[in-house]
Each structure stands twice: as C-alpha cells, then as structure tokens.
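These notes concern the structure reproduced below.
The values are calculated or read from the model by the stated rules, or taken from the named source; none is laboratory data. A quick note: this is a predicted structure, and the numbers were derived from the prediction, not measured. Quick reminder, even Gly has a Cβ in these numbers, built from the backbone with ideal geometry, and neighbours come from all protein chains shown.
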Amino acid sequence: MAYYNARGVLMPESAPESGRVSGTPAGGETITAPPGNTSVSGEGGGDTLIGSSGDNRFWITHPNDRVIEHPGGGTDTLTAWSPAKLPANVENLVVNGAFNYAVGNELGNLIIVDDASHWIYGAGGDDVLVGAATQRTTFMVRAGEGSDVIYNWNGNSQLHLQGYGLNTAADVRAVMRQEGADVVLRFANGETLTIRDETLASIEDRQFLLPPRHLEARGDDLPG
C-alpha cells in the first residue's frame, strides 16, 4: 500500500532485497550487510547489524540486537518482534507482537505495526504512523516534532497529544477539520495531524488521552 505524508509526498520504502546475510545461533556477532539492497539479521541475540550503501532491511530477532547505519545509506527498514526505537539514519520501522511500542527518530519515518495492541510515537520529522487494523493503537504526537499522518484509525484507537495546550476534548475538537476524505488537526504552532479516511463523527471524545498538565511538561510517560 502507498502511504503519503502531511505534504502529500509518497513515503519511500526499502527496495526488495537482492541478498541476505545472517548470523549464527552463537550470538554476540557483528554482521555487515553486503553491497546492494540486502537484508541482515542476527540469529543468536546481542548481535550488531551494520548496513551498507544500499537499501537495507534489518531483522531484529532479539531485543539486545543493535543496528548501525551510516548517513545516506539508502532507505532502510528495521523489523522487530519486540519493543523498538529506530536508531539514527534508519527511516522505516515495522513492529510485530502485542503490547510492543514503536518509536521513531529525527527523520520522517514510516512506522507500521501488525494487528495487535501497540503504542506508536514518531518523534521528530513528518512521520506516517500506520496502526493496527482492528486492535488498539495508541498514537502519541508531541508539539514541535513535525506534522504527522495516521492510517488505520479505528474504534479502538487512542490519541495522546502532548505540548499543544489542549486540555479537554472540546479543545481538541476546536482544532479539528474535515478536509476531503481526511480529518486534519491544525495546531496553533503551524503543525498538523492528519487522520486518513476518517470523518469527524467517527472519532469519539473517549479516544482522546489528555494527560495531567504536570505530566505533559515532564514527559514522564515516554519509554527510556
């Protein structure tokens, strides 16, 4: 499926792999992707995966695996079955498995989760956040970190806004607009949040998570 960011630009995805290199069950290995559009995975846990100049797909098979990608190294994707935060210079993230969080980096990320309960936070950049098709996804969006887009909003979804000074459901409703097929929240700082293929009526007040203001300022609910 094609995904578009807040400026209507198609989000780049990694090219199909032309080769793959994997570690061994021993773990603790350093595995470097060969040139080209290749995949790299650790198989024993605690491995270090190093990208190449092409589009790389990093398969994280253990939460202690580590990824190193250099600037300008193509469009890269990290796929994990555990909570994951994108390392520097990796653009895209796919997280599988219930109750795992997915956190982006300073780039404009494409973050996709499977159809289980998840928590997604894009961090900096104009991100595209693709939630669970039917299960609960909690989308967190913070002021000053770009204009994000949400796909797969459903009746179980939740929206957690931080730093915009919106303290009630009425405050959130006041910045929401129906723009074509999408709902767009236009914030006072010039950023936007677009919820694709939804209507104002389909989004309920109960789906807004509005934290106490002292927590909003401190960011206590962010993963370490």
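Remarks
- Any hit, the stretch 65-75, residues being in contact with a Phe, Trp or Tyr (Cβ under 9 Å, 6 or more places away or on another chain), under 18 Å from THR137 (Cα atoms) and at pLDDT 95 or above: no
- Any chance TYR121 is crowded, with 19+ Cβ neighbours inside 10 Å and touching a strand residue (DSSP E or B) at 6+ places or on another chain (Cβ under 6 Å): yes
- Extreme residue, surrounded by the most Cβ atoms within 10 Å (Cβ to Cβ), among residues of the stretch 24-43 that are over 19 Å from GLY72 (Cα atoms), within 26 Å of the chain's Cα centre (by Cα) and of a type in the set (Gly, Ala, Ser): GLY42
- Qualifying position, being surrounded by fewer than 20 Cβ atoms within 10 Å (Cβ to Cβ), of a type in the set (Val, Ile, Thr) and modelled with pLDDT under 95, among THR168, THR138: THR168
- Between GLY155, GLY165, GLY146, the distinction of being under 18 Å from TYR3 (Cα atoms) and either in contact with a Ser or Thr (Cβ under 8 Å, 6 or more places away or on another chain) or part of a loop (DSSP other than H, G, I, E, B) (or both) belongs to GLY146 only.
- Residues within the stretch 81-100 that are part of a loop (DSSP other than H, G, I, E, B), free of Cβ contacts under 8 Å to residues at least 60 places away in the same chain and crowded, with 16+ Cβ neighbours inside 10 Å, tallied: 6
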